[in-house]
Protein chains: 2
Amino acid sequence: MMKEIPSGVTAAKGFRAAGLRAGIKAGKTNKDMAMIYSEAPAVCAGTFTRNIVKAAPVLWDQKLVAEEGSARAVVINSGIANACTGEEGYANCAKEAAKAAEVLGVNQKEVLVCSTGVIGVQLAMDVVEKGIEMLSPALESSVQAASDAAEAILTTDTHKKEIAVQCEVDGKTVTIGGMCKGSGMIHPNMGTMLAFVTSDAAIEQPLLQQILREEVEDTFNMVSVDGDTSTNDTCLVLCNGMAGNDILTAESAGLPAFRQALREVLTYLAKQIAGDGEGCTRLFEVVCRGASSREEAKKISKSVVCSSLTKAAVFGKDANWGRILCAMGYSGASFDPEKVDIVLESDKGSLAIVKDGIAADYSEETATEILSGHPVRALLDVHAGEAEATAWGCDLTYEYVKINADYRS
Amino acid sequence: MMKEIPSGVTAAKGFRAAGLRAGIKAGKTNKDMAMIYSEAPAVCAGTFTRNIVKAAPVLWDQKLVAEEGSARAVVINSGIANACTGEEGYANCAKEAAKAAEVLGVNQKEVLVCSTGVIGVQLAMDVVEKGIEMLSPALESSVQAASDAAEAILTTDTHKKEIAVQCEVDGKTVTIGGMCKGSGMIHPNMGTMLAFVTSDAAIEQPLLQQILREEVEDTFNMVSVDGDTSTNDTCLVLCNGMAGNDILTAESAGLPAFRQALREVLTYLAKQIAGDGEGCTRLFEVVCRGASSREEAKKISKSVVCSSLTKAAVFGKDANWGRILCAMGYSGASFDPEKVDIVLESDKGSLAIVKDGIAADYSEETATEILSGHPVRALLDVHAGEAEATAWGCDLTYEYVKINADYRS
């Protein structure tokens, strides 16, 4: 049995965290640096942006995950992305890791680093190094410490995003905690903005990497806020083995429970990112059913969740199903438009609006009522097979434009 | 030598047009039906949306172009797209063509039909048929008649889009005129919203179709307003041979002049669509140079022109080059990010903002000044080869969201 507990990245045994203001972001009060620390060496896995323009921390972490597969700490800053910063940017990642290694008494190659914020600006290393010095003594295993860290990694997000769950593996309680940030430039491809998952499970590193890659495909990679795949997308998982279970392998009886719990954490965080997209008012969930394959179902649901016109219609509470059908049509999937059924749902009810590819007999008034609810779900059935997939996004609002027209100023 | 003349679809010999209000659109004054008529049979070519959800008129026109390759008239309505309307929608296309054939004294299979507007609503055929009856006696070869037709096909466009040019073929003056409408759901793939080109050139039908397909790839298919490929995209070209030139074949000495003139018309109309995108304040032109192939150059320039974040930054006059580099990075093209140069241009000047993948030494004040100009151009050089491509789009504004949140109401 799996259960949710109130906490985040400090929930699992042996993990501590901190979040505070170092002075990277403008303003005077915003937290902008976080640290996660494991008391024991933790196997680590990661997925990263497929954008060929990769931020310096992505290059640093990719190398560490591939060559070491084990880590003790993660240092994260918001405000500056350390992307498009050339050799100086990469050297700054090494300096950050060296500084953290020094204050924590670990190896430089055991320190992962992540950044999010404005592209093309160098980190002020004196500020970052001072931040690392302050973070080390602030590390705690408390719920508050997890919360501080989750707050410190945000940019234009409106609230922090964290979760923790527990499951049983070999009769031992295994805990998985996670936090993430999202908001803009969200259209992950093999990763997401920044997500951090900590667990006390014992697990083989290659298996952890494989599970993570597969689960990210169905969770973070099914989220889109604006179609822009960031230079910094990173999802890191650290497992330190302190739960005391036998090391999980592909054959372990306890693996399905761990995997299910990990999936729950990733799905929750993915939906949190979608529902807090820049300027958005509502989470928009699109479920495609009856597709001929899972790939086809994913193409269709993701195409609808990415359509600017559909997103604007959700904002306007307009049951403009023609735009949904149109986005399905250009998704690249093949289906018979004359067999499509569409149902709209929210906490205000459920309504069939398309039957066999044309308008069902529905009331616009009821449709508007449902679209004023939260979250908004579109259920698409293409009647071509058994496969299903879900994609998450949000509505497109004036506020999105405002945020992104003014972001740097 | 090619020259531009003031007119549109009635500029070429033997073409007449009309535009008037039949009563399809809401309101009391907006024109909503247009007709184009050729005094002699005209070979016709067309490109159409690749969205698998195709509007009924697209299916009608595709069949006519493929099976007949010749036409006498085009009937166009705005207000209702006749898309996702099932068998009744297709039957209505046949009725429209039959009615026009009757009043014009031509064959039903010589009448092309086009619609644009709201998806999923049936045409009121009594209104449409009355419109056709009114259009026939209103047909004229005047500049005003072309203008009326260009006005009648608009939806949320803010102004009509038409052009006419003349060139010499075999010592004869050949005229090409065109009109189009765009605005929203603009991300054409093998076609555009609605574009109509008329010419008095004599040309073989298969050659016309081939030239059109190739030229559309470089013009309309390089435009994006919002990434949504419409169900109705259609570009039709009619050539009635009344200029008296020898019939153009692939070997004709006069072909390059005709092709160049056609390209000019299509490019002009494509840029007009981009610059009048829903809610947009400025045309945004992205030129990629130094690519390893034309395909790569197209991928890069189109990815940037489609990026919501970049478009919002253009609206906000923010030289956020990190977003441009990011969009280049997820375009699917391969290049070395550390070799990229970016220059921003407008009528207010030109400024190098990225050199070798990182910020050039430029003044933000000057960048903002340039971004307040019109049109805004981004010149991207990836230093990987000799290929070049241009894509056209527009900025993303509050107004885009407003229009599309409220479109149907």
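The values are calculated or read from the model by the stated rules, or taken from the named source; none is laboratory data. All values reported here derive from a predicted model rather than from experimental measurement. Methodologically, a virtual Cβ is constructed for each residue, glycine included, from the backbone with ideal geometry; neighbour enumeration extends over all protein chains shown. Just so you know, the surface numbers come from the protein's heavy atoms only, side chains and all, with ligands and any DNA or RNA stripped out. Shrake-Rupley method; radii C 1.70, N 1.55, O 1.52, S 1.80 Å.
Percent of Cα-Cα pairs more than 22 Å apart in the range A:199-294, please.
In whole percent, the share of Cα-Cα pairs in the range A:199-294 beyond 22 Å is 41.
Under a 1.4 angstrom probe, counting protein chains only, how are B:Glu295, B:Glu168 ranked by accessible area, largest first? Working shown, then result.
Details: B:Glu295 115, B:Glu168 95 Å².
Order by accessible area, largest first: B:Glu295, B:Glu168.
Quick one: net charge around A:Lys355, please, counting Lys, Arg +1 and Asp, Glu -1 for every other residue with C-beta under 11 Å from its C-beta. Could you put the intermediate results ahead of the total?
Numbers: positive: A:Lys339; negative: A:Glu338, A:Asp341, A:Asp356, A:Asp361, A:Asp381.
In short, -4.
Quick one: in the range A:285-409, what % of C-alpha pairs are over 16 Å apart? Walk me through the numbers before you get to the answer.
Numbers: 4584 of 7750 pairs.
Beyond 16 Å sits 59 percent of the P(r) for the range A:285-409.
Using the heavy atoms of the protein chains and a 1.4 angstrom probe, tell me the accessible area per residue for the range B:237-287 in square angstrom. Please report the intermediate quantities before stating the final value.
Numbers: 1710 Å² over 51 residues.
Ligands and nucleic acids excluded, the figure is 34 Å² per residue.
May I ask for the net charge around B:Ser38, where only other residues with Cβ less than 14 Å from the Cβ of B:Ser38 are counted and Lys, Arg are +1 while Asp, Glu are -1?
Cβ neighbours under 14 Å give a net charge of -2.
Any idea what angle helix A:294-306 forms with the longest principal axis of chain A, computed on alpha-carbon atoms, 0 to 90 degrees, nearest 10?
Its long axis makes an angle of about 90 degrees.
Could you state the angle between the C-alpha long axis of helix B:205-218 and the longest principal axis of the C-alpha atoms of chain B, as a value from 0 to 90 degrees rounded to the nearest 10?
Tilt of helix B:205-218: around 30 degrees.
Roll a 1.4 Å probe over the protein heavy atoms and report the accessible area of B:Arg72 in Å², nearest 10.
For B:Arg72, solvent-accessible area is about 40 Å².
If one computes the Cα centroid of the range B:1-55 and of the range B:332-409, what distance in Å separates the two points?
Here the two parts' Cα centres lie 33 Å apart.
Quick one: give the max-minus-min coordinate of the C-alpha atoms of the range A:251-341 along each principal axis, largest first, in Å.
Answer, in whole Å and largest first: 48, 34, 18 Å.
If you average the sequence gap of Cα pairs under 8 Å that are 6 or more apart and divide by the length of chain A, what percent do you get for the contact order? Intermediate values should be presented prior to the final figure.
Numbers: 1126 pairs, mean separation 71.2, N = 409.
Averaging sequence separation for qualifying contacts and normalising by length gives 17 percent for chain A.
Mind ranking A:Thr85, B:Thr156 by accessible surface for me, highest first, 1.4 Å probe?
Working: A:Thr85 5, B:Thr156 40 Å².
Of A:Thr85, B:Thr156, the descending order of accessible area is B:Thr156, A:Thr85.
Would you work out if the range B:1-83 is rounded, prolate or oblate? Take a ≥ b ≥ c from the square roots of the eigenvalues of the alpha-carbon gyration tensor; rounded if a/c is under 1.5, else prolate when a/b is larger than b/c, oblate otherwise. Kindly include the intermediate steps, with their values, before the conclusion.
Numbers: a/c = 1.86, a/b = 1.08, b/c = 1.72.
Note, shape of the range B:1-83 comes out oblate.
For a quick check: with amide H placed at 1.01 Å from N, whose amide H comes under 5 Å from A:Leu248's, ignoring anything fewer than 5 positions away on the same chain?
Result for A:Leu248 returns A:Ala202, A:Ile203, A:Glu204.
What does the C-alpha gyration tensor say about the overall shape of the protein assembly as shown? Classify as rounded when a/c is under 1.5, otherwise prolate if a/b is larger than b/c, or oblate. Don't skip to the end; give the middle numbers.
Numbers: a/c = 2.58, a/b = 1.82, b/c = 1.42.
Prolate is the answer for the protein assembly as shown, as a/c is 1.5 or above and a/b outweighs b/c.
Would you tally the net charge around B:Val314, using a Cβ to Cβ cut-off of less than 9 Å, leaving B:Val314 out, and scoring K and R as +1, D and E as -1?
Numbers: positive: B:Arg282, B:Lys311, B:Lys317; negative: B:Asp318, B:Asp395.
With Lys, Arg at +1 and Asp, Glu at -1, the neighbours total +1.
Straight-line reach from B:Lys161: which aspartates and glutamates have a Cα under 17 Å away, not including same-chain ones fewer than 8 places off?
B:Glu4, B:Asp32, B:Asp148, B:Glu151, B:Asp233, B:Glu264, B:Asp276, B:Glu278
Leaving ligands, DNA and RNA out of it, rank A:Leu351, A:Leu135 by accessible area with a 1.4 Å probe, largest first. Write out the running numbers ahead of the final one.
Numbers: A:Leu351 30, A:Leu135 0 Å².
Result of the area sort, largest leading: A:Leu351, A:Leu135.
So how much accessible area does B:Tyr268 have, in Å² to the nearest 10, using a 1.4 Å probe?
Result for B:Tyr268: roughly 80 Å² accessible.
How large is the accessible surface of A:Val43 in square angstrom, using a 1.4 angstrom probe and rounding to the nearest 10?
Accessible area, nearest 10 Å²: 40 Å².
Shielding by partners for B:310-319, please: the mean number of other protein chain Cβ atoms within 10 Å of each residue's Cβ. Walk me through the numbers on the way to the answer.
Working: counts 2, 4, 11, 5, 1, 5, 9, 3, 6, 1.
That average works out to 5.
Where the centre of each part is set by its Cα atoms, how far does the range B:129-181 sit from the range A:202-261, in angstrom?
Using only Cα atoms, the two centres lie 60 Å from each other.
Using θ = phi - 60° and the Karplus relation 6.51 cos²θ - 1.76 cosθ + 1.60, list the HN-Hα couplings for the range A:239-256 in order, rounded to whole Hz, with x at every Gly or Pro.
For the range A:239-256, the Karplus-derived couplings read 10, 9, x, 6, 6, x, 6, 4, 4, 5, 10, 4, 9, 4, 5, x, 4, x Hz, x marking Gly and Pro.
If one takes the accessible area of chain B alone plus chain A alone and subtracts that of the pair, with a 1.4 Å probe, what total in Å², rounded to the nearest 100, results? Kindly include the intermediate steps, with their values, before the conclusion.
Details: alone 15910 and 15890 Å², together 27690 Å².
In total, this chain pair buries about 4100 Å².
Taking amide H positions as placed in the peptide plane 1.01 Å from N, state which residues far from B:Ser115 in sequence (5 or more) or on other chains have amide H under 5 Å from it.
B:Asn77
Of A:Lys63/A:Lys130; A:Lys95/A:Lys302; A:Lys298/B:Lys271, which sit over 32 Å apart, Cα to Cα? Working shown, then result.
Working: A:Lys63/A:Lys130 25 Å; A:Lys95/A:Lys302 39 Å; A:Lys298/B:Lys271 34 Å.
Going by Cα-Cα distance, A:Lys95/A:Lys302; A:Lys298/B:Lys271 fall outside the 32 Å limit.
How much of the accessible area of the range B:109-218, in percent, comes from carbon and sulfur atoms when a 1.4 Å probe is used? Write out the running numbers ahead of the final one.
Working: 1640 of 3380 Å².
Carbon and sulfur together cover 48 percent of it.
Write out the GluC sites (Glu not before Pro) in the range B:243-293 meeting two conditions: DSSP loop, and at most 15 other Cβ atoms within 10 Å of their Cβ. Please report the intermediate quantities before stating the final value.
Working: sites: B:Glu251, B:Glu264, B:Glu278, B:Glu285; in loops: B:Glu251, B:Glu278.
Listed in order of number, the matching sites are B:Glu251.
Skipping prolines and chain starts, which residues have an amide H placed within reach, meaning under 5 Å, of the one on B:Thr281, given they are 5 or more residues away or on another chain?
B:Asp395
Give the average over all directions of the projected area of the C-alpha convex hull of chain B, one decimal, in nm². Could the numbers behind the result be given before it?
Numbers: hull surface 77.0 nm².
Seen from a random direction, the Cα hull of chain B projects 19.2 nm² on average.
Taking a 20 Å limit on the Cα-Cα distance, which of the listed pairs A:Lys13/A:Lys172; A:Lys339/B:Lys109; A:Lys299/B:Lys181; B:Lys31/B:Lys54; B:Lys13/B:Lys172 fall beyond it?
On the way: A:Lys13/A:Lys172 12 Å; A:Lys339/B:Lys109 29 Å; A:Lys299/B:Lys181 29 Å; B:Lys31/B:Lys54 25 Å; B:Lys13/B:Lys172 12 Å.
A:Lys339/B:Lys109; A:Lys299/B:Lys181; B:Lys31/B:Lys54, as the Cα separations exceed 20 Å there.
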